[in-house]
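What follows is one structure encoded as structure tokens, with my remarks underneath.
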Amino acid sequence: MADILEDGINLYKRRDYTGALSFFMTVTEGSGADPLDVAYYLGLCYSKLERWDDAMPYLEQVVTSDESKPERVQQCRYLLAVIYCRTGRSQLADFELDALMKSGYKPASVYASFAYLSWEQGNVDQCIAYYEKSLEMDGENPTALNGLGYVLAEEGKELTRALSLCKKALSKAPDSFACLDSIGWVYFKMGLYSQARKYLEQAYKKNSGSETIRQHLNEAQLVEE
């Protein structure tokens with residue numbers, strides 16, 4: 001497999017996903033390459049190019065057929081869950097997530113990832129549920145702690161708990177601009193504007209390119225004026 005697919009794999013590693021895709025599309029059945037290896041890389045390339053509908057059949061082929069490589073199956077199952085979540089196929093996403101959990105594949109991190117995806121899609125209830133599941137798996141996970149704290153603050157819910165979650169996240173990731181921003185935003189929602197500004201200024205110093213942090217800091221500054 002390595003000799004036959006080496007050029008395409010190298011293109012993929014160099015992040016030339018369009019070039020890699022073109023290569024793997026030209027691999028014929030009679031070339032001697034393992035069809036599952038080709039399907040795997042086609043699924044990865046299409047995923048990287050965000051061509052979700054094209055990626056799904058190849059990833060599904062690996063998940064249902066490639067029992068000899070469990071790590072590869074887990075990776076493809078995770079990508080499928082992401083795709084299903086992004087394309088509104090929530091039941092299929094949950095099915096793949098359950099399968100990942102049963103296989104022991106990074107459960108806390110997986111749930112935190114899907115919480116963020118749900119938040120991006122505007123599904124607040126599902127986002128919170130995923131963060132809660134992540135913390136059930138690992139109550140010390142800084143991504144889940146910070147994410148849940150931020151979402152609760154943004155929604156104006158359980159602000160005392162939100163602050164506690166964000167403080168715990170910051171204690172585990174003291175240099176994180178995301179954690180600093182979240183604490184600042186919780187304080188803002190609580191009406192503690194001087195505290196909010198202090199943390200938001202620290203976050204902005206660490207990442208002045210973040211539009212979200214800039215907007216949060218501007219709001220805190222306007223209230224104090």
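Taking segment 1-113 as the region of interest, the helices (runs of 4 or more DSSP H) fully inside it that hold 2 or more residues being of a type in the set (A, V, I, L, M, F, W, C) and over 17 Å from the mean Cα position of the chain (by Cα) are 2-13, 17-25, 35-48, 52-65, 90-103. Listed by first and then second residue, the pairs with beta-carbon distance under 7 Å, at least 6 apart or on different chains, first residue in segment 29-49 and over 19 Å from ASP16 (Cβ atoms), second part of a helix (DSSP H, G or I) and small (Gly, Ala, Ser), are LEU36/SER65.
For segment 154-166, does any single residue satisfy the condition of being hydroxyl-bearing (Ser, Thr, Tyr), closer than 30 Å to TRP185 by Cβ and assigned to a helix (DSSP H, G or I)? The answer is yes, given that some residue of segment 154-166 is hydroxyl-bearing (Ser, Thr, Tyr), closer than 30 Å to TRP185 by Cβ and assigned to a helix (DSSP H, G or I). For segment 205-222, a residue qualifies if it is in a helix (DSSP H, G or I) and in contact with an Asp or Glu (Cβ under 8 Å, 6 or more places away or on another chain), and the qualifying residues are LYS206, THR212, ILE213, HIS216, LEU217. Each residue in segment 85-94 was checked for being at pLDDT 80 or above and either surrounded by 15 or more Cβ atoms within 10 Å (Cβ to Cβ) or in contact with a Ser or Thr (Cβ under 8 Å, 6 or more places away or on another chain) (or both), and 3 of them qualify. Filtering segment 167-182 for residues that are open to solvent by less than 80 Å² (accessible area, probe 1.4 Å), assigned to a helix (DSSP H, G or I), touching a Gly at 6+ places or on another chain (Cβ under 8 Å) and closer than 21 Å to SER134 by Cβ leaves a non-empty set. All but one of (1) within 19 Å of CYS76 (Cα to Cα); (2) surrounded by fewer than 20 Cβ atoms within 10 Å (Cβ to Cβ) hold for PHE114; state the number of the condition that does not hold. Unmet condition: (2).
Beta carbons closer than 9 Å, at least 6 apart along the sequence or on distinct chains, pair a first residue in segment 152-173 that is farther than 18 Å from GLU140 by Cβ with a second that is of a type in the set (Phe, Trp, Tyr) and open to solvent by 40 Å² or more (accessible area, probe 1.4 Å) for GLU154/TRP119.
Of all residues in segment 184-208, those being in contact (Cβ under 8 Å) with a residue 24 or more places away in the chain and among the aliphatic types (A, V, I, L, M) number 4. Among the residues of segment 56-92, write down those that are under 10 Å from TYR40 (Cβ atoms) and charged (D, E, K, R). Within segment 56-92, ASP66, LYS69, ARG72 qualify.
Every condition in (1) within 30 Å of ILE83 (Cβ to Cβ); (2) open to solvent by less than 40 Å² (accessible area, probe 1.4 Å) holds for GLY209 except the one numbered (2).
In the condition set (1) closer than 30 Å to ASN141 by Cα; (2) in contact with an Asp or Glu (Cβ under 9 Å, 6 or more places away or on another chain), LEU5 is compliant with all but (1). Count of segment 1-53 residues, restricted to those that are open to solvent by less than 30 Å² (accessible area, probe 1.4 Å) and over 20 Å from ARG72 (Cβ atoms), is 1. On the stretch given as segment 147-166, residues that are open to solvent by less than 20 Å² (accessible area, probe 1.4 Å) and within 19 Å of the chain's Cα centre (by Cα) total 6.
The values are calculated or read from the model by the stated rules, or taken from the named source; none is laboratory data. Remember, it's a predicted structure, so these values are computed and weren't measured experimentally. In this analysis, Cβ positions are derived from the backbone assuming ideal geometry, glycine residues included, and neighbour counts consider all displayed protein chains. Side chains are part of the model used for accessible areas, which takes the heavy atoms of the whole protein and leaves out ligands, DNA and RNA. Shrake-Rupley method; radii C 1.70, N 1.55, O 1.52, S 1.80 Å.
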